[in-house]
Every structure is written in C-alpha cells, then in structure tokens.
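Heads up: the structure comes next, in structure tokens.
Please treat every number below as a calculation from the coordinates, not as lab data. Everything numeric in this text was worked out from a predicted model, so none of it was measured. When we count neighbours, we look across all protein chains shown, and the Cβ atoms used for this are built from the backbone with ideal geometry, even at glycine.
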C-alpha cells in the first residue's frame with residue numbers, strides 16, 4: 001500500500017490534528033487519512049454507489065415507456081423491409 005510523508009508540518013496544524021485524533025479516538029495517521037479522504041471527496045466506491053442510487057431514483061420517478069408494438073413485431077417488420 002502506498003504511503004505519504006509530510007515534512008515541515010506547522011506546529012498549529014499538528015496540534016489540531018492531534019486534537020481531532022483524540023476526539024475521534026484515532027491515531028494521528030488514521031485521523032490524517034480520514035481528513036484527506038473527506039477533502040478528496042470520500043471513498044470512491046461509496047461515491048459510485050451514491051451515484052448509482054441517484055440514477056435509480058431518477059428513473060423510478062419517470063413513467064414507464066409503453067411501445068405501441070412489441071419488440072418482436074418491430075424486429076420482424078424491419079427484417080421484412
């Protein structure tokens with residue numbers, strides 16, 4: 001798994017991360033990772049799942065499409081042309 005090293009971290013930012021880590025009962029690394037993930041838009045799998053759910057909700061709100069002819073009849077008519 002890739003890693004990231006941050007150099008010259010300002011002391012106030014370090015204290016803030018430590019405070020947030022204690023508040024959430026996480027290590028400093030876990031808190032930094034959680035904050036980076038949030039800033040980057042979250043977990044890609046979760047974003048994809050949310051997008052799929054929005055698409056599903058969108059299509060559930062639309063009325064069903066009813067064709068005047070069955071698909072088989074349309075294919076048959078096209079072949080007979």
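Is one or more of the residues making up the range 12-22 surrounded by 10 or more Cβ atoms within 10 Å (Cβ to Cβ) and part of a loop (DSSP other than H, G, I, E, B)? First the steps, then the outcome.
So the first thing to find is which residues in the range 12-22 are surrounded by 10 or more Cβ atoms within 10 Å (Cβ to Cβ), and the list is 13-22.
Then drop every residue that is not part of a loop (DSSP other than H, G, I, E, B), which leaves none.
Within the range 12-22 (the criterion being surrounded by 10 or more Cβ atoms within 10 Å (Cβ to Cβ) and part of a loop (DSSP other than H, G, I, E, B)), the answer is no, since none of the residues qualifies.
Residues in the range 63-80: is at least one loosely packed, with under 10 Cβ neighbours inside 10 Å, in contact with a helix residue (DSSP H, G or I) (Cβ under 7 Å, 6 or more places away or on another chain) and in a loop (DSSP other than H, G, I, E, B)?
The answer is no; no qualifying residue exists.
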